[in-house]
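No value in this document is a laboratory result; all are computed from the given coordinates. Fair warning: this is a prediction, and the values are worked out from it, not measured in the lab.
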Amino acid sequence: MTQISAGFHTRLVIAPLTNRFSAYVLDSIIMSSVGWVFIGAEMIIPAVVAGVLLVLTYLLWPVFWLRHMSAPPGKLVGKLLVQPVPGPGRLSWSMVLRREAVQWLPGLAICLSLTLIYPKLGSIRALDWMTVGLCLSWFLLDTLWAFTNQQRQTLHDRAAGTVVVQKVRMWGPAQPPVPVPGGAPTSTAPPAPPAAGR
């Protein structure tokens, strides 16, 4: 009888939203640190140049990490990866750009629109809170969408065809089932032989 050895192996599972939030906080801290570097750089370079570099860094930072490492530093620390829905693999440029565009551009467009029309509405204190609320509405909707599906996909995940997974070490057979992010696990066991004809 053939014995199947057991041991630790790594599997990809759908990442809990709490872990994604923790990774987002860590990434925000890292980016804030980078921002302070550019703010300090205003003492040696023109403020406009420092501002442009800061904006470009905020825009290109996640694009670089998602394309080449499948996750920004905060997610990597938490063993989280952004993967294509069909299965593990490298994200295409199209996936990365769609993901970032849907995550940030609608909210920024709302904020910019309110900034342009705000002077015409008058200086009413209630408008301050309304502006903040509307600016955050897209980001809130984007995040809450993850509660509507089993793969915990946000709107920007759905638009890009991605899913956030977490690497976990589990004890089991040497050849465990291979998970498919966004779908049901597929087994690595060989197919059963066909039944003998009568």
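I need the fraction of alpha carbon pairs in the range 9-170 separated by more than 23 Å, rounded to a whole percent.
Numbers: 6222 of 13041 pairs.
Beyond 23 Å sits 48 percent of the P(r) for the range 9-170.
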**Report entry** Stretchable slack from Arg90 to Thr18, in nm (0.36 nm times residue separation minus alpha-carbon distance)
**Finding:** 23.5 nm
Query - Extension reserve of the Val48-Lys167 stretch, reckoned as 0.36 nm per residue once the Cα distance is removed - result: 38.7 nm
